[in-house]
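The values are calculated or read from the model by the stated rules, or taken from the named source; none is laboratory data. Values in this document were obtained by computation on a predicted structure and should not be read as measured data. Neighbour counts run over all protein chains shown; Cβ positions are idealised from the backbone, glycine included.
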Amino acid sequence: MRSLKILKTMNKSIIHKTPIDAGVVKKKIEASGLEKVGLASIRELVRLVNEIEKETGDKYIRMEMGVPGLPPSHYGVDGEIEALRKGVASIYPMIEGEEILKKEISRFVKNFINIDVNPKNCLPTVGSMQGAMASFLVSCRRDIQKDTTLFIDPGFPVQKQQHKVLGLKYETFDVYNYRGDKLKAKLESYLEKGNISTILYSNPNNPSWICFTEKELQTIGELANKYDVIIMEDLAYFAMDFRKDLSKPGVSPYQATVANYTGNYILLISSSKSFSYAGQRIGMLVISNELFDRRFPDLKRYFKTDGFGYSMVYGAVYSLSSGTSHSAQYGLAAMLKAANDGKFDFVESVKEYGERAKIMKKLFTDNGFKIVYDMDDNQPLADGFYFTFSYPGINGVDLLEELLYYGIGSIALITTGSERAEGLRACVSQVQREQFPVLEERLRIFNQHHK
Ligand SMILES: Cc1ncc(COP(=O)(O)O)c(C=O)c1O
């Protein structure tokens, strides 16, 4: 028989029938062994929801993981098939990447960011995830005095896990209260100490979807020059600030970047979201011409040379995976070529996320929820891949757990370095439009039970 959920309020217990069998949800949460389900990692939550779905047969509104919900472009798939037919599977790829791909990455950053980077300094990696790992190995160990990374949070939790695995130190702050003119002093309060090697942020930001303004990027770039810090700009959501049309090759506006203000940069450009290519695990690591050729004597503690770029390729990427899957390189090269030649509008194909976000945010706010990060400096936040929400009177960790009984999966903002403990992150990509009525109904019932 279906179990009911007992909702404890101030001093009484109310029994409710929740959209998902409460007995199963409770049992699975207990069996997960997680100390606090609301603090679980994305992949742990994915596993838990999979198990509940399997036992109940009910489908969740899956908002916990940023999996692209759109098909990949045929340019990529055809490019890979053709390369496989030609026999690349049996051959080790060059660690620094195939010439054809390096050339297209260099064209791509010129066309869509308006920056000049030599193809030599454009490397494929096994997802941006590996690009970050390799960059930490080099950037964070290039100067014995500078042993700490500064994360401009909220951010992508796995990059902190990478730090822990590598035994690297980091500091972090939530940028929401330090936007605009306040950013400089806040950053300098860390940089002045002299221990920061690298600053990392994502733009657009996962999870809050804020986007840095030109002025803020200029501040970051100028401070990178002043304190000789490397900026790792994580462009996992490349060209997905849909408020601007960033889709035309060689035509302004371009993807905003710190590269306009400093030569101390590494760009991580993922193909997972903008090209719906997450499964093939390929990303682009773009190192400025200036930085690639710089020498840092302290690198010799870990690598054969003191050259930054050389250590990245023949030290870090070599050690991690000896390069990136051969066929995936051809797939990405084909997509980039089509985008560079103006034949493939990769931005158009992902605009759907912004449209979904707009509708979903309204479903939440119509049912008593609030948007947590709702402003972008002094403009309303854009609609994109993620949004953040809360429900009055419940903290984020408890809200996450509670929503599992209502068939809704998400992650807690507190696990992303956010100070907004009340909030959760919603990822719109896996929620199909046909599911909106179900989402609406579940939110309505939740509101009815909790208001
Ligand atoms: C901010 C950020 N950086 C990096 C990644 C990882 O990208 P990739 O799939 O290319 O490894 C993600 C994926 O969700 C992300 O959100």
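A compact table of results
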read-out: Residue that is farthest from the ligand (Cβ to nearest atom) [pool: residues in region 211-240 that are aliphatic (A, V, I, L, M) and farther than 22 Å from Ser274 by Cα]; value: Leu223
read-out: Single residue of region 297-328 satisfying the filter (outside any helix (DSSP H, G or I) and surrounded by 21 or more Cβ atoms within 10 Å (Cβ to Cβ)) that is nearest to the ligand (Cβ to nearest atom); value: Thr324
read-out: Selection within region 261-276 - in a loop (DSSP other than H, G, I, E, B) and small (Gly, Ala, Ser); value: Gly263, Ser271, Ser272, Ser274, Ser276
read-out: Qualifying residue in region 181-192 (condition: within 16 Å of the ligand (Cβ to nearest atom) and part of a helix (DSSP H, G or I)); value: no
read-out: Restricting region 254-297 to residues that are within 20 Å of the chain's Cα centre (by Cα) and of a type in the set (Lys, Arg), the residue that is farthest from Asp116 (Cα to Cα); value: Arg281
read-out: Enumeration of residues in region 224-238 that are surrounded by 22 or more Cβ atoms within 10 Å (Cβ to Cβ) and either hydrophobic (A, V, I, L, M, F, W, C) or free of Cβ contacts under 8 Å to residues at least 40 places away in the same chain (or both); value: Ala224, Val229, Ile230, Ile231, Met232, Glu233, Leu235, Ala236, Phe238
read-out: Members of region 128-167 found to be basic (Lys, Arg), more than 16 Å from the ligand (Cβ to nearest atom) and touching a residue at least 12 places away in the same chain (Cβ under 8 Å), listed by number; value: Arg141, Arg142, Lys146
read-out: Flag if Gly279 is surrounded by fewer than 24 Cβ atoms within 10 Å (Cβ to Cβ), in a helix (DSSP H, G or I), within 16 Å of the ligand (Cβ to nearest atom) and in the same structural domain as Pro124 (by TED's automatic domain parsing); value: yes
read-out: Exclusive hit being more than 30 Å from Gln435 (Cβ to Cβ) and within 14 Å of the ligand (Cβ to nearest atom), set Ile266, Ile287; value: Ile266
read-out: Tally of residues being away from the ligand (no atom under 16 Å from the Cβ) and in a helix (DSSP H, G or I) across region 241-260; value: 2
read-out: Pair list, Cβ under 7 Å, 6 or more apart: region 188-210 residue within 25 Å of Asp298 (Cα to Cα), other residue within 16 Å of the ligand (Cβ to nearest atom) and of a type in the set (Phe, Trp, Tyr); value: Leu200/Phe151
read-out: Residue check, Glu64 surrounded by 16 or more Cβ atoms within 10 Å (Cβ to Cβ), charged (D, E, K, R) and part of a loop (DSSP other than H, G, I, E, B); value: yes
read-out: From the options Glu434, Glu419, residue that is surrounded by fewer than 19 Cβ atoms within 10 Å (Cβ to Cβ) and over 23 Å from Gly354 (Cα atoms); value: Glu419
read-out: Verdict on Ser272 being under 24 Å from His74 (Cβ atoms), touching a helix residue (DSSP H, G or I) at 6+ places or on another chain (Cβ under 7 Å) and among the hydroxyl-bearing types (Ser, Thr, Tyr); value: yes
read-out: Where Glu401 falls short, out of the listed (1) more than 22 Å from the chain's Cα centre (by Cα); (2) surrounded by fewer than 17 Cβ atoms within 10 Å (Cβ to Cβ); value: (2)
read-out: From the options Lys54, Lys12, residue that is loosely packed, with under 14 Cβ neighbours inside 10 Å, in the same structural domain as Leu413 (by TED's automatic domain parsing) and modelled with pLDDT of 90 or more; value: Lys54
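Conditions (1) in a helix (DSSP H, G or I); (2) closer than 23 Å to Gln379 by Cβ; (3) assigned by TED's automatic domain parsing to the domain that holds Gln145, marked per residue:
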| position | (1), (2), (3) |
| --- | --- |
| Tyr170 | no, no, yes |
| Asn177 | yes, yes, yes |
| Cys211 | no, yes, yes |
| Ile220 | yes, yes, yes |
| Ala236 | no, yes, yes |
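Residues checked against (1) assigned to a loop (DSSP other than H, G, I, E, B); (2) surrounded by fewer than 22 Cβ atoms within 10 Å (Cβ to Cβ):
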site	(1), (2)
Tyr92	yes, yes
Gly131	no, no
Asp143	yes, yes
Gly155	yes, no
Gln159	no, no
